[in-house]
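Chemist: Sharing a structure with you now.
The values are calculated or read from the model by the stated rules, or taken from the named source; none is laboratory data. Predicted model only: the values in this text are computed from it and were never measured. Quick reminder, even Gly has a Cβ in these numbers, built from the backbone with ideal geometry, and neighbours come from all protein chains shown.
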Amino acid sequence: MAGLESTLIKANGALKRGDADTARALYEEALARYPRNKRLRLALDQLDTGNDAQVALDKMVAAYKAGEMADAARIGEALCRTHPGKHAIHNLRGAALLQLGDLAAARDAFQCARDLAPGDAACTNNLGITLSRMGEKEAAEQLYREAIAIDPAYIDARYNLAHVLQERGHDGEAEAAYNECLAMAPDHADAHYNFGNLLAAQKRHKEALAQFLEAARVRPDHADTHNNMGAELQALHQPEEAVAAYDRALALQPDDTKVLLNRGKAQVSTGALPDAITSFRTVLRQEPLNAEAHLHALFQEAHICDWHARGEFDQLPPSQLGSLQPFAAFPFADDPARQLAHAKAHAAKVFPLVAPTPPAPAPSSDGRIRIGYFSADFHDHATMYLMAGLLREHDRSRFALHAYSYGPAREGDAMRAHARTHCDSFTEIAHLSDAQVAEKARADGLDIAVDLKGYTRFTRSGMFGHRLAPVQVNYLGYPGSLGHPAMDYLIADPVTTPAGYEQYFTEKLVRLPNCYQPNDDQRAIIADSRTRADHGLPEQGFVFCSFNHTYKIGPQEFDIWMRLLKEVEGSVLWLLRSNEWAEANLAREAAERGVDPTRIVFAPDLPHNEHLGRMVHADLFLDSFAVNAHTSASDALWAGLPLLTMAGRQFLSRVAASLVSAAGVPELATSNAAEYEAKALELATNAEAMAQVRQQLAAGRTEAPLFRSAPYARQLEAAFAAMHKRQVAGIAPDHMTID
């Protein structure tokens, strides 16, 4: 080695004199004799880097900074051939290739850089990023951990570790990693943003919002942050603030259809329906095939009785509507097969992909069957008006009742207090994720979990995909199939689901003997001391009414109603006041049909018991078609007001037929539009016929099955007991008829 040392001394001397050519010649001569000598190769690399190689490296760095990744990669490739031992060149080349999307080549470049400098945290982190993008999440996680071990203060590696843990579904570890990252770097916008997404997925809306607010503080020009902030505000029932957040996002990205769609949904919640429709229709101008925006627009147009585009519904395949609740499609088609297809598409979006092992709770110590009722409506709501009698009459010696509320906590609400009084426990679960709800339900040892909400506003039916109980039931809140095998049974009756309807449900049908709908036979009616004139009604004329939501009213039934007004002199149509735009549109539609718009009278909202009392001033309730009156039909019948309906094909267009049959007036259920119109005209012009119907209805308040809460409770309990017995015996769910 003496010759080598002598050569190195001579070369160093030449460098000190500024004679780089002599030094290079000496190094190359020695390298020819000692080709594996690292000292010689490093010295030569350093010499070259200081000259032509340095010029090339500077160009590479400049190209990378200018975003000219192809040039940076090309220069880097040449430098790597001439200077294979410089890890920084391989690392920068890998970064350029990563930007170009050439993942395999980037991986190889970063791997080479890491082999040359295994103690370099940046090379290790960059290799992890590349493997993550290639789908090798577990390997990426390990590399991020190694980078952190090399340099504990390396924030990028800590953020990347948190993100990959989030992607792998390790939520608890991801949360801890985000907290560690943000403790060290409080202004890391990406960490705040993705931590917010992690919390939002767990329905921890307040915490998620806090993270998005921090992300927006650090990086106010990030549109997705404002969009996601809007979603959390919407989930927290702050729609005005949500609209403002979406507006900020749109100011940054005016053509973002996702944000436009979300803003439209929030505008619906604020009651600004025309603005919402404009948002949805703007999306359609940009994306004419956006089926979700299309159905949103049609549904809100139905709410304001704007029917000009109603025929567009036939263009929307159910398979493309999975992101939107099937309830929005109900008014436009009386088609149970279509509704099932839509429900299946929606279920695929909202239920977990992997079915968990069903719980197997031990028998209760007191022998009671444990029933869990899950709803957002344990307050002054239609569901509670119907269930009040059932809860009161439930046999608590045989059934333990547990209420789980994920709606607003309206303490002091009489209906909420009623539920608390008649249940063994009342648990607030709005703050829990679906998985946490499942843990709670399993810990409570539920035998049967009942979804009272289905795909209606504030739904969380997807939680049933986590298997809250061995038996799961779709009941009351949603008149149709949920389209998912996690739901074992649906409570129905022979009228809503005649023989052969099994094909339209993924659930097994359990038919109660009379009507599936419960009613409270102790509901108070506050007598109305006002006159017809006080309500804007004629003292002598016949009063048709339809106390349904405006979205249920379609042009087919409205045509009939207007013809009836023409046929029955002095008659009026009494409707619920919904919104100013619906009133204006219905007035216009009436005028176009030759009817004076003043013959349509709009009733303001009243407390429920007062509303029952004012129905004494109406003569005949005219039901809507595709979507029947449900609770409003029971209200009318309980108040002694005859209701005329037309039995359709899908569950929700047959509900009123079931109700009038169970109320003792089955003749008020017609089978087609012509029969419906003829029956309405007969009752409006034949006082004797009307008197007879009213007499039958009055008798039914004490005799008919619809208004007997205790017998109904026994029938439903028989259904629950049969379900439980089958499950305990290991027998699969099947269709059942309760005697």
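Chemist: Restricting the search to segment 230-277, which residues are in contact (Cβ under 8 Å) with a residue 40 or more places away in the chain and over 20 Å from E292 (Cα atoms)?
Modeler: Initially, segment 230-277 is screened for residues in contact (Cβ under 8 Å) with a residue 40 or more places away in the chain, giving 237, 271, 273-274.
H237, the sole residue that qualifies.
Chemist: Hey, any hits in segment 425-443 for a residue that's over 21 Å from K203 (Cα atoms), in contact (Cβ under 8 Å) with a residue 24 or more places away in the chain and not hydroxyl-bearing (S, T, Y)?
Modeler: No - not one qualifying residue is present in segment 425-443.
Chemist: Moving on to the next point. State which residue is surrounded by the most Cβ atoms within 10 Å (Cβ to Cβ) when the search covers only segment 366-398 and only residues that are over 22 Å from the mean Cα position of the chain (by Cα) and among the acidic types (D, E).
Modeler: Across segment 366-398, the extreme among qualifying residues is E393.
Chemist: Among the residues of segment 92-113, which ones are among the basic types (K, R) and crowded, with 24+ Cβ neighbours inside 10 Å?
Modeler: Residues of segment 92-113 among the basic types (K, R): 93, 107.
The answer is R93, and nothing else.
Chemist: Out of D451, D520, report the one residue that is touching a helix residue (DSSP H, G or I) at 6+ places or on another chain (Cβ under 6 Å) and buried (at least 24 other Cβ atoms within 10 Å of the Cβ).
Modeler: Numbers: D520 fails: buried (at least 24 other Cβ atoms within 10 Å of the Cβ).
Result: D451 is the single residue among D451, D520 that is touching a helix residue (DSSP H, G or I) at 6+ places or on another chain (Cβ under 6 Å) and buried (at least 24 other Cβ atoms within 10 Å of the Cβ).
Chemist: Looking at this structure, is R714 charged (D, E, K, R), in contact (Cβ under 8 Å) with a residue 60 or more places away in the chain and not assigned by TED's automatic domain parsing to the domain that holds P485? I'd like the intermediate steps shown before the answer.
Modeler: Numbers: charged (D, E, K, R): yes; in contact (Cβ under 8 Å) with a residue 60 or more places away in the chain: yes; not assigned by TED's automatic domain parsing to the domain that holds P485: yes.
It is true that R714 is charged (D, E, K, R), in contact (Cβ under 8 Å) with a residue 60 or more places away in the chain and not assigned by TED's automatic domain parsing to the domain that holds P485.
Chemist: Also, I was wondering about something else. Would you mind finding the one in A633, A629, A698 that is in contact (Cβ under 8 Å) with a residue 24 or more places away in the chain, part of a helix (DSSP H, G or I) and in contact with a strand residue (DSSP E or B) (Cβ under 8 Å, 6 or more places away or on another chain)?
Modeler: The unique qualifying residue is A633.
Chemist: Another one. Within segment 512-626, considering only strands (runs of 3 or more DSSP E) that don't extend past its boundaries, which have at least 1 residues that are within 23 Å of N672 (Cα to Cα), modelled with pLDDT of 95 or more and touching a Phe, Trp or Tyr at 6+ places or on another chain (Cβ under 8 Å)? Don't jump to the end; show me each part of the working.
Modeler: Values: elements: 543-546, 572-576, 600-603, 620-622.
By residue number, 543-546, 572-576, 620-622.
Chemist: Taking segment 363-380 on its own, how many of its residues are part of a loop (DSSP other than H, G, I, E, B) and closer than 17 Å to I429 by Cβ?
Modeler: First, pick out the residues of segment 363-380 that are part of a loop (DSSP other than H, G, I, E, B): 363-368, 376-380.
In the following step, the residues that additionally are closer than 17 Å to I429 by Cβ were identified as 376-379.
The number of residues fulfilling the criteria is 4.
Chemist: Let me ask something else about it. Kindly evaluate E567 against the criterion of being farther than 25 Å from H303 by Cβ, over 35 Å from the mean Cα position of the chain (by Cα), without any contact (Cβ under 8 Å) to a residue 24 or more places away in the chain and outside the structural domain of G389 (by TED's automatic domain parsing).
Modeler: Details: farther than 25 Å from H303 by Cβ: yes; over 35 Å from the mean Cα position of the chain (by Cα): yes; without any contact (Cβ under 8 Å) to a residue 24 or more places away in the chain: no; outside the structural domain of G389 (by TED's automatic domain parsing): yes.
Taking the combined requirement at face value, the residue does not satisfy it.
Chemist: Also, quick follow-up: Can R460 be described as basic (K, R) and under 27 Å from H237 (Cα atoms)? Quick ask: steps written out before the conclusion?
Modeler: On the way: basic (K, R): yes; under 27 Å from H237 (Cα atoms): yes.
Answer is yes for this residue.
Chemist: Assuming E214 fulfils every condition listed in (1) surrounded by fewer than 21 Cβ atoms within 10 Å (Cβ to Cβ); (2) closer than 26 Å to S433 by Cα; (3) charged (D, E, K, R) apart from one, which condition is it?
Modeler: All conditions are met except number (1).
Chemist: Got a sec? Which of N160, N194 is of a type in the set (S, T, N, Q) and under 24 Å from the mean Cα position of the chain (by Cα)? I'd like the intermediate steps shown before the answer.
Modeler: Numbers: N160 fails: under 24 Å from the mean Cα position of the chain (by Cα).
Criteria check complete, one pass: N194.
Chemist: Another question, if that's okay. Would you point out which residue out of D444, D493, D488 is in contact with a Ser or Thr (Cβ under 7 Å, 6 or more places away or on another chain) and either acidic (D, E) or under 26 Å from E411 (Cα atoms) (or both)?
Modeler: D493
Chemist: Let me ask something additional. When A266 is evaluated against the numbered criteria (1) farther than 27 Å from P152 by Cα; (2) out of contact with any Pro (no Cβ under 6 Å at 6 or more places or on another chain), which criterion, by number, is the only one it fails?
Modeler: All conditions are met except number (2).
Chemist: Do we have any residue at all in segment 657-665 that's of a type in the set (S, T, Y) and part of a loop (DSSP other than H, G, I, E, B)? Reasoning before the result, please.
Modeler: Of all residues in segment 657-665, those of a type in the set (S, T, Y) come to 658, 661.
The next check asks that each one be part of a loop (DSSP other than H, G, I, E, B); those that pass are none.
Taking every residue of segment 657-665 in turn, none turns out to be of a type in the set (S, T, Y) and part of a loop (DSSP other than H, G, I, E, B).
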